[in-house]
Amino acid sequence: MDRMKITPTHLALIIVLSLGVFLTGIPSALSGDPYSGSYCAENNKVFWFIQTSDVHIGARGDQDSGNLEWLVTTAKDVIRPSFIVVSGDLTDSTNGNFLGYPDGPHQEEWNLYRSILSGRVDSNSYYDLPGNHDHYNDGDFSYYLANSIQGSASGSTQVSWTRPFDFGNTILWGLTRPTTPDLPSVSFGPMETTQGWMQVNWLLFRMSWVLTKTRT
């Protein structure tokens, strides 16, 4: 393979580019303070949030509960997010059984889930959506609606919220589609398609409602 020759012009260009990266690439952001970040000329329109999923409370071992506790303590205290989103599989639905087979739902898992969150987050700062593990053998999401932060607060598996900032309002939507065709208790085929369209219609309705409220 021929070796590329570096001419004086190439060398000068490399030095200029390296200097530019050095001068502009030094980060100055501090966790929890977006106003100190050097992201662009207008860095006063930045906010922090945390998104995670698959906490699987009830899986074998204690890593599941340890991860969730870390999220709502250390991570929350360091990042200081405007809100936290957990997008599915809040529980494992196995209650730690040896085969890891989802034979739930298990109220014990939900009790542990709520005990970790108690006093640390609420429905205005923590948005938990159901996943397929929260749907096993619970076609109407009764356990999610009774035990999750958002399910018990809103009575719905979908959620929307607004965050007002000095630079304007940010509108967010959380949709869930926890279909699992390998288990009979979860919808599939035509029902899966119907569920998807229902969620699209819900989203369009919410967007229309928000836009109407914004203009009036």
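The values are calculated or read from the model by the stated rules, or taken from the named source; none is laboratory data. These numbers were taken from a predicted model, which means no experiment stands behind them. Don't worry about glycine lacking a Cβ; one is built from the backbone with ideal geometry, like all the others, and counts go over all protein chains shown.
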* Residues that are in a loop (DSSP other than H, G, I, E, B) and without any contact (Cβ under 8 Å) to a residue 60 or more places away in the chain, drawn from region 46-76 -> 46, 48, 49, 55, 58, 59, 60, 61, 62
* Identify, please: which residue in region 111-130 is of a type in the set (D, E, K, R) and more than 16 Å from the chain's Cα centre (by Cα) and is, among those, surrounded by the most Cβ atoms within 10 Å (Cβ to Cβ)? -> 120
* Of the residues 89, 54, which is surrounded by fewer than 19 Cβ atoms within 10 Å (Cβ to Cβ) and at positive phi? -> 54
* Search region 99-110 for residues being exposed (fewer than 15 other Cβ atoms within 10 Å of the Cβ) and touching a residue at least 12 places away in the same chain (Cβ under 8 Å), and hand back the single one that is farthest from residue 145 (Cα to Cα). => 100
* **Qualifying position, being farther than 19 Å from residue 155 by Cβ and modelled with pLDDT under 95, among 131, 139, 88, 100** => 100
* Please go through region 146-160 and pick out each residue that is at pLDDT 90 or above, under 15 Å from residue 86 (Cα atoms) and not polar (S, T, N, Q). => 149, 151
* To do: Could you check, for region 116-126, whether at least one of its residues is at pLDDT 95 or above, part of a helix (DSSP H, G or I) and closer than 18 Å to residue 51 by Cα?
  => yes
